[in-house]
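Data block below; observations after.
The values are calculated or read from the model by the stated rules, or taken from the named source; none is laboratory data. Worth saying up front: this structure is predicted, and the values here are computed from it rather than measured. We place every Cβ from the backbone using ideal geometry, glycine too, and count neighbours over all the protein chains shown. With ligands, DNA and RNA removed, areas are computed over all heavy atoms of the protein, side chains included. Shrake-Rupley method; radii C 1.70, N 1.55, O 1.52, S 1.80 Å.
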Amino acid sequence: MGRVEITAGLSALIERHLASQTCLWSKEVSIDQLEGCRPDYVSVSAYFGKFATTAAIERALVTVYEIKSCLADYKSGFGLNAIGDQNILVLPYKVMMQITELICDGKLDDHDKAGVWGRAYPIPVDYSLKYSSPHDMPDYVGQVDGWKLNFIPNDSPYVSRNIALVVILWAMMYAGPSH
């Protein structure tokens, strides 16, 4: 299995995760205000209480998901824009470990490191198998059945987006049907 299958599998896992949330989401959202920036997935969620005020709507949480199926995909630099309130890289465990190793060895330049900090890393995990540590986990090659995204805890600081919610919602609407 290759990069295409891994990307398709990770996409299916993200869509399954987003479908279980109470949020609005779209895929391949082009945000023209950010010079053609196009995240893989964008979701918007808000708690309005009984009334949806303008202030409550503008405080909605914008989460951006970027899929990186391999180290070369990560190092391409595409999709490492931190444009949401939460910016998430979705990648296989093996790729996450390769990126971590490069950071520890000082082998990533500042541009590559910028895509790492302040992000959460959901990795696919097969919950039907028993293994003693993540290192024993089988390689992810695009499976969907039996796999879920496991969100690794992240102590990164909250980053406030610098783009108005209405721009993001317009781009999501323009991207086509969402859920």
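Observations, loosely collected:
- Glu58/Ala12 FRET efficiency (R0 35 Å; Cβ-Cβ; nearest 0.05): 0.65
- Computed accessible area, Val64, all protein chains, 1.4 angstrom probe, square angstrom: 10
- Under the Karplus curve 6.51 cos²θ - 1.76 cosθ + 1.60, θ = phi - 60°, whole-Hz ³J(HN,Hα) for the range 84-101, x wherever Gly or Pro sits: x, 6, 10, 10, 10, 9, 9, 8, x, 4, 4, 5, 4, 5, 5, 5, 4, 5
- Amide H partners (placed H, <5 Å) of Leu89, local residues excluded: Glu66, Ala120
- Inter-probe distance in nm under a simple model that places probes 7 Å from Cα toward Cβ, at Leu71 and Tyr174: 3.7
- Couplings for the range 169-176, taken from phi via the Karplus curve 6.51 cos²θ - 1.76 cosθ + 1.60 with θ = phi - 60°, read 4, 4, 5, 5, 5, 5, 5, x Hz in order; Gly and Pro are left as x.
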